[in-house]
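The values are calculated or read from the model by the stated rules, or taken from the named source; none is laboratory data. Keep in mind the model is a prediction, meaning the values are calculated, not measured. Please note: Cβ atoms are built from the backbone with ideal geometry, for glycine as well, and neighbour counts cover all protein chains shown. All accessible areas refer to the heavy atoms of the entire protein, side chains included, with ligands and DNA or RNA removed. Shrake-Rupley method; radii C 1.70, N 1.55, O 1.52, S 1.80 Å.
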Amino acid sequence: MTYLRYAPDIERPAPDEQETIDGIIKGMTQQSETVGKREHHAVRASHAKSSACVTGELMVAAGLPPELAQGLFAAPGTHPVAVRFAQGPGENLGDRVSTHRGMSIKVFDVAGEKLPGHSVDTQDFVLATGTTFPSGTAAGFLRDGTVIGKSTGLPEGVKSAVSSTMRNLNKALHAFGTESAFADFFGHPYSHPLADSYFSQAPVRFGDYVAKLGAVPTGEAQRARSEWRLDPNQDEDGFRHATVAFLRDNEVVFELKAQLWADAERQPIEDASVDWPVSVSPYRTVATLRLPRQDAYSPERVRYFDEVMTFRPAHSLAAHRPLGSVMRARLQVYRALSDFRHRENGVAAEDTAGIDRIPA
């Protein structure tokens, strides 16, 4: 198969993109202010409620073909990692409001040219459930973010009802062999967080090439949880409790995969709402993520992950630069919202340089 090469001109920013990004930052900051007043504490503007804060290793596979042996994956080796699993909303809600989820990975001991403003030897991959980002572009991000922002002050029961409606919509669509990424974003199944797959949703540079990334659970015990479903009426923090209990007794294994860019028409760079067909380019394994048995929610570690640590698309090798409209927005939005959160809480943010900084 022939894969398309990266070049700077594959990105096509809209003329008013910076104005749009400024609007996203303003709207999400206002949302964070609303949540902060209610919770008396500033939290992440998305993926606020963590379910596990863990450490482990990323093992880059040996013998990768040239198109996969790129950037971080150019040579086999083992890197320490820190991984944060979290629920989607930018506020601490009960698990009846089951929306998309996040998996943020910080890979340590990563040498090479970094993006401007990133000075330590790490690479962050910020992933979420769903192969696409339904808003598609920065303009869509602003549109949908405005709706979410206006709903922030609504009672939790209303948010739960919306989530339930979206979940039921996808159940109906499944009968016809399809589903809505938008519905899943707001109404994800009550599945086990460690049995879910997570994706970059938008493309990144992959050395000489371009790719979307995915993390797929492969541990036997994880696969055995594929049909597990939470009863949120029994436990409003059930996703956290299930994840922490699992990691107390089991190793967690994900395969990190790359889906290379092969067709400019069917795999657009600028519209993250378009699913790249696996028939055009399948996801191929480049590394294995192993998280050993551990206490995934010790108070000291949770405080460090949730209050101090930062995960950003901008924490990246130049070889894995985020690409496309949504990703260009994220480069600025994550930084601005992190600055707001740390400033409001009086906490100094840390671009964690080594695994030794992570509390036990």
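Tabulated values for the structure
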{"item": "Residue in region 60-76 that is least open to solvent (accessible area, probe 1.4 Å), counting only those that are among the hydrophobic types (A, V, I, L, M, F, W, C) and more than 13 Å from Val110 (Cβ to Cβ)", "result": "Leu68"}
{"item": "Odd one out for Tyr297 among (1) open to solvent by less than 10 Å² (accessible area, probe 1.4 Å); (2) farther than 23 Å from Leu142 by Cα", "result": "(1)"}
{"item": "Considering residues of region 174-195 that are open to solvent by less than 20 Å² (accessible area, probe 1.4 Å) and at pLDDT 95 or above only, the residue nearest to Gly102 (Cα to Cα)", "result": "Pro193"}
{"item": "Conditions (1) in contact (Cβ under 8 Å) with a residue 60 or more places away in the chain; (2) crowded, with 22+ Cβ neighbours inside 10 Å; (3) not in a loop (DSSP other than H, G, I, E, B): number failed by Thr285", "result": "(2)"}
{"item": "Residue, nearest to the chain's Cα centre (by Cα), within region 174-224, restricted to residues that are charged (D, E, K, R) and part of a loop (DSSP other than H, G, I, E, B)", "result": "Asp196"}
{"item": "Of all residues in region 1-42 being in a helix (DSSP H, G or I), over 16 Å from Leu337 (Cα atoms) and open to solvent by less than 80 Å² (accessible area, probe 1.4 Å), the one that is modelled with the lowest pLDDT", "result": "Glu39"}
{"item": "Positions within region 47-59 being open to solvent by 10 Å² or more (accessible area, probe 1.4 Å) and within 25 Å of Ala74 (Cα to Cα), in sequence order", "result": "Thr55, Gly56, Glu57, Met59"}
{"item": "Pick from region 325-360, criterion outside any helix (DSSP H, G or I) and open to solvent by less than 40 Å² (accessible area, probe 1.4 Å), ranking: nearest to Ser200 (Cα to Cα)", "result": "Thr352"}
{"item": "Test: residue in region 157-171 that is touching a helix residue (DSSP H, G or I) at 6+ places or on another chain (Cβ under 9 Å), modelled with pLDDT of 95 or more, open to solvent by less than 60 Å² (accessible area, probe 1.4 Å) and not in a loop (DSSP other than H, G, I, E, B)", "result": "no"}
{"item": "Yes/no for Pro89 being open to solvent by 30 Å² or more (accessible area, probe 1.4 Å) and either out of contact with any Phe, Trp or Tyr (no Cβ under 9 Å at 6 or more places or on another chain) or within 30 Å of Arg240 (Cβ to Cβ) (or both)", "result": "no"}
{"item": "Yes/no for Ala272 being in a loop (DSSP other than H, G, I, E, B), among the aliphatic types (A, V, I, L, M), open to solvent by less than 10 Å² (accessible area, probe 1.4 Å) and touching a residue at least 24 places away in the same chain (Cβ under 8 Å)", "result": "yes"}
{"item": "Scope region 92-106; condition more than 14 Å from the chain's Cα centre (by Cα) and hydrophobic (A, V, I, L, M, F, W, C); matching residues", "result": "Leu93, Val97"}
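Let's see how each residue does on (1) of a type outside the set (Phe, Trp, Tyr); (2) buried (at least 18 other Cβ atoms within 10 Å of the Cβ); (3) touching an Asp or Glu at 6+ places or on another chain (Cβ under 7 Å):
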{"site": "His241", "(1), (2), (3)": "yes, no, yes"}
{"site": "Glu255", "(1), (2), (3)": "yes, yes, no"}
{"site": "Arg290", "(1), (2), (3)": "yes, no, yes"}
{"site": "Arg312", "(1), (2), (3)": "yes, yes, yes"}
